[in-house]
Amino acid sequence: MTTTAISAQGTTLKIGAASTAKTITAATKANPGVFTASAHGFTNGQVIGLSSIAGMTEANGKYGVAVVLSANTFSIAGLDTTNFSTYTSGGSATPSQVTVGNLVSVPLPGGQKAELDATNLSSTSKEFLAGLRDNGQATVGFHVDQDDAGQMVLRSSFAASGNSPSPFTITLPNGKTRTFNAFCMNYGEPTLGVDGIFTGSATLRITGDIVYA
């Protein structure tokens, strides 16, 4: 029988979803910085990329999860603009899908159902009902690249407070996908050692269902 095994090599992990850019009209120097974009329509946890900003050029190329402050203002979780140059004009905030670079390992998500004890005084043996599924966690491993867009988003997700899940998509080499919402509940960069590679990890807490396609 010919094997149908799938090689893991070539698996990708992407975060976010692409959509229409919004024009930035102001930005503050603060921790986190506040950006103004009229009627931006962003939601908490949405992945946003910044570009074409004049003056505060250090913000260009930064990615992270949106923290909605009002209908016209937002910040990027973890993006400290205190020491950036002063904003002068222009710029775009673009909902984006980014790939986590230098990916080393990504456990496919899985979990378990709760069990509800339905035993009563008429039972002759223990009786149980199936409860809700808990789709668990997945700890992603990667070689650290501080300028990688996907790794920026993982750090930003970890910095975000409150309920800010983002959409994640794992794509296997055969094109099959696992899509789910999650937030980063742990981010770590282990101790560097002699003759070693700078590695990092991020633990994703899955919320809701997993879609298999």
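Details
- Pairwise label distance in nanometres, Gln137 with Ala54, each label 7 Å out on the Cα-Cβ vector: 4.7
- Cα-projected label distance for Ala30 with Glu115, points at 7 Å along beta-carbon direction, nm: 5.1
- Taking a straight Cα-Cα cut-off under 18 Å and skipping sequence neighbours fewer than 8 places away in the same chain, the aspartates and glutamates within cross-link reach of Lys113 are Glu127, Asp134, Asp209.
- Neighbour cut-off at most 11 other Cβ (10 Å), DSSP loop, trypsin sites (Lys or Arg not before Pro), segment 132-213: Lys176
- Extension reserve of the Thr11-Asn186 stretch, reckoned as 0.36 nm per residue once the Cα distance is removed: 60.8 nm
- Label assignment, semi-axes √(5λ) of the Cα gyration tensor in Å derived from the structure, set (i) 43, 26, 13; (ii) 37, 23, 17; (iii) 44, 21, 16: (ii)
- You can think of it this way: the chain between Ser123 and Thr3 has 38.4 nm of extra reach, that is 0.36 nm per residue less the Cα-Cα gap.
- For Asn181, distant residues with modelled amide H under 5 Å away: Phe168, Thr207
- Atom-type composition of the exposed protein surface of segment 12-59 places 52 percent of the accessible area on carbon and sulfur (1.4 angstrom probe).
- By average C-beta atoms within 10 angstrom, highest first, the peptides 141-147, 89-95: 89-95, 141-147
- For segment 1-118, the solvent-accessible area works out to 51 Å² per residue, with a probe of 1.4 Å and every protein chain left in place.
- C-alpha long axis of helix 149-159 to longest principal axis of the chain, angle in °: 80
- The portion of the accessible surface of segment 124-213 made up by carbon and sulfur, rounded to a whole percent, is 51 (1.4 Å probe; DNA, RNA and ligands excluded).
- Across segment 1-123, the mean sequence separation of Cα contacts (distance under 8 Å, 6 or more residues apart), normalised by length, yields a relative contact order of 32 percent.
- Approximate spin-label separation Ser89-Thr179, in nm, with each point projected 7 Å along Cα-to-Cβ: 4.0
- Taking the alpha carbon gyration tensor of segment 1-74, multiplying each eigenvalue by 5 and rooting it gives semi-axes of 36, 14, 11 Å, largest first.
The values are calculated or read from the model by the stated rules, or taken from the named source; none is laboratory data. These numbers come from a predicted model, not from an experiment. All Cβ positions, even for glycine, are placed from backbone atoms using ideal geometry, and neighbour counts span all protein chains on display. Just so you know, the surface numbers come from the protein's heavy atoms only, side chains and all, with ligands and any DNA or RNA stripped out. Shrake-Rupley method; radii C 1.70, N 1.55, O 1.52, S 1.80 Å.
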